[in-house]
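Asker: Sharing a structure, written as structure tokens. Questions coming.
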Amino acid sequence: MLYSAYELTHAALKPWRQMARGTQALYTSPLNPWSGTMAGRSLAASADLFERLTRRYGKPAWGIESTPIDGRSVTVTPVPVLRKPWLTLTHFQRGITPDHEDPKPLPKLLIVAPLSGHYATLLRGTVEAFLPAHEVFITEWTDARTVPMLAGRFDLHDYVDHIRDALRFLGPNTHVLAVCQPGPLVLAAAALMAEDDEASRPVSLTLMGSPIDTRRSPTLPNELAKSKSLEWFAGNVISTVPMPNAGVMRRVYPGFVQLASFIQMNKDTHIDAHREFFDHLVAGDGDSTMRHRAFYDEYLSVMDLSEEFYLQTIAEIFQEHSLARGLMRHGDRAVNPGALTDMALMTIEGELDDISGIGQTQAAHDLCINIPANLRQDYVQQGVGHYGVFSGRRFRENIAPRIADFIRDHNTP
């Protein structure tokens, strides 16, 4: 019922959105004498704001067209190199200018994007930071509402297997960067591959703001995940995908529910941002309105998670802490991070992170007891919250260079 009500509401507002677009076009037209008046600008701004607040935002484009290399601008093209119903592995292929050739192969870097409501494009800045000196690949998880029922289930353990498949596809000497949610599952995949002595296991693993052990410095989202039973989550936030979506009848945790939770956490901030957006539209402040659009086009683009993946994540990561307590199993096998002996491990946290608190990512060092000290590194970035761990000025200036140095120091040619 919840999902159907959402779809009906979206459909019912369609004529009003079209009317808002017409009003905006009318009162921004240079041919309309009212467009330069305060009343005209206010009407146009109101229509713009209404249309943006009631539309559905699809998957954003990567928008990465080039990267600087040795003072030259080299073209970049996102190319899918591995496709599965639930995962697309994307390679950011770089062109070569006529007078420039790469002198040697670059370190392969697999960025594992979170499957927690937003698309992988949320890591656009992360990708851009590593493109000049790395061969960058990223996991793009599929919106569950677009996956037909014939494709089958997708749960926590399927996620682990998909990470292993991506690493096998990329082959030996691959470095992995896991951002937030995938940290525990990437660590589990690496441990299983190490135990099997697979040549494609990661050379290095960097975990950023990851919930390895949420018993440490628990945050509000951590507490909320523990405050209700698994049955409550199944009965109150899981819904069935309605027609006309390709995933009709699939049980999912809807992206719009996750988005509502995100917004509720910082409600006043979002209200103020949209109030300022309205004022900037009226004032004709193009730069400010463009920044607002760019941020919220990404922030409001959300995807659905399969029921089984969402509920297992709540249970194993946030309620039972199965990896942190040494209780995680993958099929009939125990997951043993102690199997890792030759993989370099780096953990990164943000001082002000209100999603993955201080110590939650560092816990990986306590689990990987057989990794030598010379292969370990930990860094806490002062003055940043969760998103500042993988985006923004401090990430570009302080965090990304440390990761690049870490990868270079442990790269196997």
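Asker: For segment 104-216, what number results from the quotient of the Cα radius of gyration and 2.2 N^0.38 Å?
Answerer: That ratio works out to 1.08.
Asker: In nm, to one decimal, how far is the Arg55 label point from the Arg396 one, both placed 7 Å along Cα→Cβ?
Answerer: Taking the two extended label points, one gets 2.6 nm.
Asker: Could you go through segment 61-69 in sequence order and give the Karplus-derived ³J(HN,Hα) for each residue, using 6.51 cos²θ - 1.76 cosθ + 1.60 with θ = phi - 60°, rounded to whole Hz, and x for Gly and Pro?
Answerer: 6, 5, x, 9, 9, 7, 9, x, 9
Asker: Sticking with this structure for a sec: In the structure shown, do any of Lys228/Lys267; Lys84/Lys108; Lys108/Lys226; Lys108/Lys267; Lys108/Lys228 have a Cα-Cα gap over 32 Å, and if so which?
Answerer: Checking Cα-Cα distances, Lys108/Lys226; Lys108/Lys267; Lys108/Lys228 exceed 32 Å.
Asker: Using the alpha carbons of segment 1-80, what is the convex hull volume per residue in cubic angstrom, as a whole number?
Answerer: 184
Asker: Let me ask you something else. Counting Lys and Arg as +1 and Asp and Glu as -1, each charge on the Cβ, what is the dipole of the chain about the Cα centre in debye, to the nearest 20?
Answerer: So the dipole magnitude of the chain works out to roughly 920 debye.
Asker: What's the whole-number percent of alpha carbon pairs in segment 212-299 lying beyond 20 angstrom?
Answerer: In whole percent, the long-distance tail amounts to 58.
Asker: Among 330-340, 212-222, how do they line up from the highest to the lowest mean number of other beta-carbon atoms within 10 Å?
Answerer: Result, highest mean first: 212-222, 330-340.
Asker: While we're here: Of the options Val380, Thr23, Pro182, report the single residue whose Cα projects farthest towards the positive end of the charge dipole of the chain (beta-carbon charges: Lys, Arg +1; Asp, Glu -1).
Answerer: It is Thr23, whose Cα lies furthest towards the positive end.
Asker: Quote the convex hull volume per residue of segment 274-326, based on C-alpha atoms, as a whole number of Å³.
Answerer: 117
Asker: At q = 0.09, 0.12, 0.13, 0.16 Å⁻¹, what log₁₀ I(q)/I(0) does a Debye calculation on the Cα points of segment 281-413 give, no solvent, two decimals?
Answerer: With no solvent term, the Cα-only Debye profile gives -0.42, -0.70, -0.81, -1.09.
Asker: Under a 5 Å amide H to amide H cut-off, with H placed in plane at 1.01 Å, what residues pair with Val384 once short-range neighbours are removed?
Answerer: Glu351, Leu352
Asker: Follow-up question, since we're still on this one. Taking the Cβ of each residue in Ser356, Ser200 as the centre, tally the other Cβ atoms inside 10 Å and list the residues starting with the fewest.
Answerer: So the ranking, lowest neighbour count to highest, is Ser200, Ser356.
Asker: Report P(r) for segment 1-154: all Cα-Cα distances, bin width 5 Å, range 0 to the bin holding the largest distance, values in whole percent.
Answerer: Final binned percentages: 2, 8, 12, 13, 11, 10, 11, 12, 10, 7, 4, 1, 0.
Asker: What are the DSSP H helices in the chain that stretch 20 Å or more along their long axis, judged by alpha-carbon atoms, and whose average Kyte-Doolittle hydropathy comes to at least -1.0?
Answerer: 38-54, 156-170, 267-283
Asker: What value does the chain have for Rg/Rh, both radii from Cα atoms and Rh as Kirkwood defines it?
Answerer: Computed over Cα atoms, the ratio is 0.99.
Asker: Contour minus end-to-end for Arg408 and Glu223, with contour as 0.36 nm per residue of separation and end-to-end as the Cα-Cα distance?
Answerer: Stretched fully, the Arg408-Glu223 segment lengthens by 62.8 nm.
Asker: May I pose another question? If you average the C-alpha positions of segment 1-63 and of segment 131-187 separately, how far apart do those two centres end up, in angstrom?
Answerer: First find each Cα centre; the distance between them is then 36 Å.
Asker: Once the dipole of the chain is set up with Lys and Arg at +1 and Asp and Glu at -1 on Cβ about the Cα centre, which of Ala246, Thr142, Pro68 lies farthest towards its positive end?
Answerer: Ala246
Asker: Relative contact order for the chain: what percent, with Cα pairs under 8 Å and sequence separation of 6 or more?
Answerer: The value is 19 percent.
Asker: If you consider only alpha-carbon coordinates, what radius of gyration and Dmax does segment 157-234 have, in Å?
Answerer: Taking only Cα atoms of segment 157-234, I get Rg and Dmax of 15.0, 44 Å.
Only the coordinates and a few stated rules stand behind these numbers; no lab work does. All values derive from a computational prediction rather than experimental measurement. Cβ: placed from backbone, ideal geometry, glycine included. Neighbour counts: every protein chain shown.
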